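A short write-up of the structure that comes next.
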Amino acid sequence: MNIKTKKIVGLYIRVSTNRQLEHGFSLDAQLEEGTKEAHRQFGQDILIESYVDGGISGKNTKDRPALNRMMKDVADGNIDAIITYKVSRLSRSLSDSLKIVEEIHREKVRFISIKEGEYGTPHGNLQFNILASVAQYQREEIAENVQFGMSQRAREGKWNGGQLLGYDTINKELVINKEEAETVKLIFDKYVNDGWGTKKISNYLNEIGKRTKKGKTFSIVSVSTILDNPAYKGYIRFNQVLNWERDRRKGKNPDYILSKGVHEPIIDEETWNKAAQLRKKRRTGTPRQYSGTFPLTSIAKCPECGSYMTSLYGAKRKDGTKLRYYACGQYHNKGRSVCNPNLINADWLENTVFDKLTQALQSDSIIESITYRINALIEQHPKYTEQTKEIKILEAQQAKLEQQKRRIQDSVATGSGIYTEEEAVERMKEIRMEISENKRKIFSLKEQHSKKESSLKPVSQDFIRQQLQEFLDLKNYLKPLEFRELIVASIEKIEAKKKNLKHIHFSFIAHLPEDESSNSIPSFIKTSIKDFIIKSNNTIPLILKGLYFKPNHYLFMIRFIPINPKPPIHLLQQHQAHHLMRKCHFGKR
């Protein structure tokens with residue numbers, strides 16, 4: 001059996017900011033405390049694996065490489081226990097922290113917080129939850145006090161921090177940066193006095209080599225943000241958006257703070273106010289909405305810079321119509337100094353994409369190739385190998401027992417004298433019993449896996465063909481905006497150049513629970529596909545179930561190029577709305 005001789009203990013360590021790296025409970029201090037606790041709990045004869053996220057916020061778990069690596073090791077069975085200084089190291093949110101702890105506990109891995117105790121027993125869980133709740137209350141109280149202090153500073157006209165083009169922050173005060181201030185003045189001058197729009201201004205700034213505070217090229221958004229910021233006329237604006245992490249721009253606060261600042265303005269009030277009036281006048285009053293006439297925007301990628309393509313109409317023709325194009329998003333927002341238009345005829349690209357998917361559906365060899373590659377990756381996946389690990393161990397034992405049988409038979413046949421005839425008979429009897437018992441265990445395990453709904457199993461060619469067929473059929477039933485949603489979920493990206501389609505990165509579902517209901521599918525979608533459901537014997541399309549099913553999933557990236565395929569096949573993990581989608585790249589034949 002594959003028995004670990006030493007326990008492996010993981011130490012998860014995190015500090016939120018670079019300042020905490022220097023002045024807070026440092027990484028080294030957490031490492032020292034964690035190591036002491038590991039030896040106290042498990043003795044000296046252990047292996048310690050450190051997972052360190054330095055200067056990374058605990059707001060979300062997605063962008064923390066060390067935490068994600070640790071959770072993968074937990075899922076793969078490579079670790080026996082996790083120790084952290086406080087449960088808040090896992091996440092700032094108590095509910096998120098407890099979800100992570102539950103996931104660790106489900107994998108039969110011990111979780112120990114030096115401050116809150118061990119999770120896993122009724123008494124331990126109660127103490128753990130109480131202390132963790134108290135810790136969250138203290139964090140929220142501190143955050144409230146900090147917010148109150150910052151609000152008071154804003155009312156007094158003092159800057160609360162952050163980068164601002166045209167200023168440097170020195171001792172928490174805004175001090176004019178003369179070179180950057182000239183860029184700010186140029187933006188207001190072109191907008192107010194020359195009547196330029198934000199796109200023309202951003203293009204011009206990029207052409208003459210100007211850059212934002214972070215050293216990036218200017219865009220329509222960055223120019224608009226400067227024009228709308230009252231700091232340039234000498235005012236401090238604070239608390240304009242509430243709960244940014246959760247609500248983003250929807251959390252606008254109508255009662256934000258706007259006070260006369262103590263810093264020196266770059267733009268006089270009259271000029272700033274003129275710009276504000278022009279901004280208000282030029283707004284249409286209704287936000288631009290996607291019309292459904294460019295379904296591949298945010299999917300097709302620029303062949304030159306790799307940014308996503310956006311929609312563009314050509315000049316009006318004699319018959320009154322306009323040609324549709326996909327154009328480089330970087331060019332559209334930042335101008336030719338950043339990238340070229342790289343126009344692709346929209347009708348050609350959309351028709352070619354759907355023709356390519358239709359060809360794949362009609363080709364047995366392509367379906368077979370997709371199925372083979374997906375199954376090859378499924379067999380490499382930890383969830384699959386976890387299911388088959390015991391079986392493989394037993395099968396390896398079977399092979400060794402068969403070898404022993406042959407050696408005994410050869411020994412008796414050649415008269416080598418290693419075994420007497422009685423010893424050989426007795427040993428052969430024992431081996432046959434072991435082989436028989438192993439066969440029974442293997443059969444039982446295979447039966448369990450086949451009945452277990454959550455098991456990750458190989459997919460069939462019919463399963464892959466069904467998803468492609470559903471995708472193409474739904475094009476005729478869903479409304480443009482609804483089909484666009486399906487496209488975004490099903491196609492990761494498209495690589496094309498003029499009249500040359502290179503790759504379509506298409507998603508396939510590899511696993512979905514049998515009893516997954518269709519309750520998560522919005523009613524308006526069900527209404528749109530009512531005829532499709534009737535045609536399909538009242539069956540909800542599998543691909544829509546995958547789109548609207550919420551739990552985390554595993555993402556397989558399959559590089560499928562019919563001509564001269566490249567050897568690497570990459571396995572990734574990702575968290576998105578649709579469940580267990582598999583990416584497969586269709587290449588030009």
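The values are calculated or read from the model by the stated rules, or taken from the named source; none is laboratory data. Because the structure is a prediction, the values reported are computed rather than measured. Don't worry about glycine lacking a Cβ; one is built from the backbone with ideal geometry, like all the others, and counts go over all protein chains shown. Heavy atoms of the whole protein, side chains included, go into the accessibility calculation; ligands, DNA and RNA do not. Shrake-Rupley method; radii C 1.70, N 1.55, O 1.52, S 1.80 Å.
Does at least one position in segment 195-203 carry a residue that is more than 28 Å from SER307 (Cβ to Cβ) and of a type in the set (A, V, I, L, M, F, W, C)? Give the derivation first.
From segment 195-203, those more than 28 Å from SER307 (Cβ to Cβ) are 195; that's our starting set.
Retained after the next criterion (residues that are of a type in the set (A, V, I, L, M, F, W, C)): none.
Checked segment 195-203: no residue is more than 28 Å from SER307 (Cβ to Cβ) and of a type in the set (A, V, I, L, M, F, W, C).
If I go through segment 203-221 residue by residue, how many of them are touching a residue at least 24 places away in the same chain (Cβ under 8 Å), not hydroxyl-bearing (Ser, Thr, Tyr) and not in a loop (DSSP other than H, G, I, E, B)?
Step one: of segment 203-221, the residues touching a residue at least 24 places away in the same chain (Cβ under 8 Å) are 203-204, 206-207, 210, 212-214, 217-221.
Narrowing the set further to residues that are not hydroxyl-bearing (Ser, Thr, Tyr) leaves 203, 206-207, 210, 213-214, 218, 220-221.
Next, only the ones that are not in a loop (DSSP other than H, G, I, E, B) stay: 203, 206-207, 220-221.
The number of residues fulfilling the criteria is 5.
Which pairs have Cβ atoms under 9 Å, sit 6 or more apart or on different chains, and link a residue in segment 266-277 that is closer than 19 Å to GLY197 by Cβ and among the aliphatic types (A, V, I, L, M) to one that is open to solvent by 80 Å² or more (accessible area, probe 1.4 Å) and in a helix (DSSP H, G or I)?
Listed pairs, sorted by first residue: ILE267/LYS185.
Only residues in segment 80-100 that are open to solvent by less than 10 Å² (accessible area, probe 1.4 Å) count as the first member; pair them with residues that are part of a loop (DSSP other than H, G, I, E, B) and acidic (Asp, Glu), Cβ under 6 angstrom, at least 6 apart or cross-chain, and list the lot.
Qualifying pairs under 6 Å: VAL87/GLU116.
Which residues, taken from segment 203-219, are open to solvent by less than 60 Å² (accessible area, probe 1.4 Å) and of a type in the set (Val, Ile, Thr)?
Scanning segment 203-219 gives THR212, THR217.
All but one of (1) under 19 Å from ILE48 (Cα atoms); (2) among the acidic types (Asp, Glu); (3) open to solvent by 70 Å² or more (accessible area, probe 1.4 Å) hold for ASP73; state the number of the condition that does not hold.
In the conditions (1) under 19 Å from ILE48 (Cα atoms); (2) among the acidic types (Asp, Glu); (3) open to solvent by 70 Å² or more (accessible area, probe 1.4 Å), ASP73 misses (3) alone.
Write out, first by first residue and then by second, each pair whose Cβ atoms fall under 7 Å of each other, whose residues are 6+ apart or on separate chains, and whose first residue, in segment 143-171, is more than 18 Å from VAL184 (Cα to Cα) and in contact (Cβ under 8 Å) with a residue 12 or more places away in the chain while the second is open to solvent by 80 Å² or more (accessible area, probe 1.4 Å) and in a strand (DSSP E or B).
GLY157/LYS260; TRP159/GLU173
Which of the following residues is in contact with a Phe, Trp or Tyr (Cβ under 8 Å, 6 or more places away or on another chain), within 20 Å of MET150 (Cβ to Cβ) and modelled with pLDDT under 90: GLY261, GLY251? Give the derivation first.
Details: GLY261 fails: modelled with pLDDT under 90.
Among GLY261, GLY251, only GLY251 is in contact with a Phe, Trp or Tyr (Cβ under 8 Å, 6 or more places away or on another chain), within 20 Å of MET150 (Cβ to Cβ) and modelled with pLDDT under 90.
Identify, please: which residue in segment 99-124 is of a type in the set (Val, Ile, Thr) and part of a helix (DSSP H, G or I) and is, among those, nearest to ASP63 (Cα to Cα)? Break it down into steps so the answer makes sense when it comes.
Residues of segment 99-124 of a type in the set (Val, Ile, Thr): 100-101, 104, 109, 112, 114, 121.
From what's left, part of a helix (DSSP H, G or I): 100-101, 104.
Values: ILE100: 15, VAL101: 18, ILE104: 19 Å.
Checked segment 99-124; the qualifying residue nearest to ASP63 (Cα to Cα) is ILE100.
Could you list, in sequence order, the residues of segment 220-229 that are surrounded by 19 or more Cβ atoms within 10 Å (Cβ to Cβ) and either more than 19 Å from LEU278 (Cα to Cα) or not polar (S, T, N, Q) (or both)?
Going through segment 220-229, the residues surrounded by 19 or more Cβ atoms within 10 Å (Cβ to Cβ) turn out to be 222-223, 226-227.
Matches in segment 220-229: VAL223, ILE226, LEU227.
If you check LYS200 against the conditions, is it in a loop (DSSP other than H, G, I, E, B) and surrounded by fewer than 18 Cβ atoms within 10 Å (Cβ to Cβ)? Outline the logic, then answer.
Values: in a loop (DSSP other than H, G, I, E, B): no; surrounded by fewer than 18 Cβ atoms within 10 Å (Cβ to Cβ): yes.
So LYS200 fails the test.
Applying the selection to segment 145-159, what residues are closer than 18 Å to VAL241 by Cβ and assigned to a loop (DSSP other than H, G, I, E, B)?
TRP159
Kindly indicate which of ASP168, ASP194 is assigned to a loop (DSSP other than H, G, I, E, B), exposed (fewer than 15 other Cβ atoms within 10 Å of the Cβ) and acidic (Asp, Glu). Explain how you work it out, then say what you get.
Working: ASP168 fails: assigned to a loop (DSSP other than H, G, I, E, B).
Residue meeting the stated conditions: ASP194.
Would you please name the residue that is nearest to SER202 (Cα to Cα), looking only at residues in segment 304-330 that are assigned to a loop (DSSP other than H, G, I, E, B) and open to solvent by 50 Å² or more (accessible area, probe 1.4 Å)? Walk me through how you get there before you give the answer.
Our first condition is that a residue be assigned to a loop (DSSP other than H, G, I, E, B); within segment 304-330, this holds for 304-307, 317-321.
With open to solvent by 50 Å² or more (accessible area, probe 1.4 Å) added as a condition, the list becomes 304-305, 317-319, 321.
On the way: GLU304: 20, CYS305: 18, ARG317: 30, LYS318: 33, ASP319: 34, THR321: 30 Å.
In this case the residue turns out to be CYS305.
Report every pair of residues separated by at least 6 positions or lying on different chains whose Cβ atoms are under 9 Å apart, first residue within segment 479-492 and open to solvent by 70 Å² or more (accessible area, probe 1.4 Å), second at pLDDT below 75 and among the hydrophobic types (A, V, I, L, M, F, W, C).
What qualifies is LYS479/PHE524; GLU485/ILE525; GLU485/LEU547.
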